[in-house]
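K.L.:
Take this structure first; my questions come after.
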Amino acid sequence: AVLKKRLVKLVVNFLFYFRTDEAEPIGALLLEHCRITKEEENVFSISFIEEPERKYCFECASEEQCQEWVEALKRASYEFLRRSLIFYRNEIQKMTGKDPLEQYGISEEARFQLGTQQQ
């Protein structure tokens, strides 16, 4: 394993990485179908379900910073946001008896289905 110092920036569900002396990113990781794992005190990794042998490791300045990154990255995926939307939509509907998204023209037929995956 080769260690390289990189700056990273999380934008929605993309983790962009930069050389320390450049303003433009040299690459990005799409944080979908991935596993975020705390490896050591200040180290976490990102691996992808389709390519489990390829793992990206990140070292942070502190344990606290590492934990913050792990939590932020776990919340960054479309699938996490989708599950959250479904959960809160159902909870609001239970409490109020009304679909909170109906006013935005999202009908019952367009209701998100948890557990169904489109390929």
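K.L.:
Return one number: the angle in degrees, 0 to 90 and rounded to the nearest 10, between the long axis of the Cα atoms of helix 78-96 and the longest principal axis of the Cα atoms of the chain.
P.N.:
30
K.L.:
Here's a follow-up. What shape does the range 15-65 have by the C-alpha gyration tensor, where a ≥ b ≥ c are the square roots of the eigenvalues, rounded means a/c under 1.5, and otherwise prolate means a/b greater than b/c and oblate the rest? Intermediate values should be presented prior to the final figure.
P.N.:
On the way: a/c = 2.40, a/b = 1.09, b/c = 2.19.
Because a/c hits 1.5 or more and a/b fails to exceed b/c, the range 15-65 counts as oblate.
K.L.:
Something else about it: Nothing charged except the Cβ atoms of Lys and Arg (+1) and of Asp and Glu (-1): what's the magnitude of the dipole of the range 7-79 about its Cα centre? Round to the nearest 20 debye.
P.N.:
Working: 8 positive and 16 negative charges, 42 e Å.
Charge dipole of the range 7-79: 200 debye, to the nearest 20.
K.L.:
Also, quick follow-up: Please report, in debye to the nearest 20, how large the charge dipole of the range 58-109 is about its Cα centre when each Lys and Arg carries +1 at its beta carbon and each Asp and Glu carries -1 there. If you can, show how the numbers build up before the last one.
P.N.:
On the way: 7 positive and 11 negative charges, 53 e Å.
Roughly 260 debye, rounded to the nearest 20.
K.L.:
Which entry is the computed Rg and Dmax of the Cα atoms in Å for this structure: (1) 14.4, 53; (2) 15.5, 48; (3) 18.3, 56?
P.N.:
Checked against the structure: label (3).
K.L.:
Another question about this same structure. Once the dipole of the range 7-79 is set up with Lys and Arg at +1 and Asp and Glu at -1 on Cβ about the Cα centre, which of Leu73, His33, Phe44 lies farthest towards its positive end?
P.N.:
So the residue we want is His33.
K.L.:
Helix 63-74 against the longest principal axis of the chain: what's the angle in degrees, Cα atoms only, rounded to the nearest 10?
P.N.:
Computed tilt is about 40 degrees.
K.L.:
Here is a further query. Note the count of lysine pairs whose C-alpha atoms are less than 24 angstrom apart in the chain, limited to pairs 8 or more residues apart or on different chains.
P.N.:
12
Coordinate-derived values only; no laboratory data. Keep in mind it's a predicted model, so treat the numbers as computed, not measured. A quick note on method: Cβ atoms are made from the backbone with ideal geometry, for glycine too, and the neighbour counts reach across all protein chains shown.
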